[in-house]
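Some notes on the structure that comes next.
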């Protein structure tokens with residue numbers, strides 16, 4: 001079995017200087033984007049941006065496709081940044097977050113009224129808390145998250161009604 005090893009890429013000081021001169025603005029912009037924690041969370045997109053930044057800084061030959069990708073990163077960030085600074089968007093986002101948090105609280109209340117086992121309740125509560133944190137942080141939910149919240153609410157509501165019927169019959 002052959003032993004694999006890490007081969008450090010060669011950095012060409014000539015290319016480093018050329019990239020620093022030719023792409024100085026893009027390097028600054030990507031550096032700013034990487035430092036903005038509200039735009040990027042950990043993930044594949046961040047890794048991609050880091051790789052583009054390192055390619056510029058470390059003197060890699062930049063292809064047309066890479067230039068295009070860098071420009072797309074910068075324009076996407078600019079659109080996001082302008083949107084985040086818009087007071088109308090902020091008001092809509094705050095309204096959405098507040099409504100979503102109220103709905104999550106309603107689902108939690110229904111969960112505890114449903115009288116599930118402690119383990120089930122704690123698992124469901126953990127999920128609801130994580131969804132609530134995402135709503136606060138990102139200001140949005142995915143379609144699958146909304147669907148699962150609706151399913152949970154309907155399931156909990158059905159259980160509460162079933163328990164109410166049982167208590168009426170036994171009384």
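Below are the figures for this structure:
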{"item": "Failed criterion for residue 65 (all others in (1) within 17 Å of the chain's Cα centre (by Cα); (2) under 30 Å from residue 22 (Cα atoms); (3) exposed (fewer than 11 other Cβ atoms within 10 Å of the Cβ) hold)", "result": "(1)"}
{"item": "Candidates 125, 84, filtered to the one that is assigned to a helix (DSSP H, G or I), modelled with pLDDT under 90 and surrounded by 13 or more Cβ atoms within 10 Å (Cβ to Cβ)", "result": "84"}
{"item": "From the options 73, 104, residue that is in contact (Cβ under 8 Å) with a residue 24 or more places away in the chain, assigned to a helix (DSSP H, G or I) and closer than 30 Å to residue 32 by Cα", "result": "73"}
{"item": "1 or more residues modelled with pLDDT of 85 or more and closer than 21 Å to residue 84 by Cα: qualifying helices (runs of 4 or more DSSP H) within segment 1-64", "result": "24-35, 44-57"}
{"item": "Some residue of segment 139-152 being more than 30 Å from residue 39 (Cβ to Cβ) and either within 26 Å of the chain's Cα centre (by Cα) or in a helix (DSSP H, G or I) (or both)", "result": "yes"}
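The values are calculated or read from the model by the stated rules, or taken from the named source; none is laboratory data. Everything numeric here is computed off the predicted structure, so don't read it as measured data. Ideal geometry is used to build each Cβ from the backbone, glycine not excepted, and the neighbour counts take in all protein chains shown.
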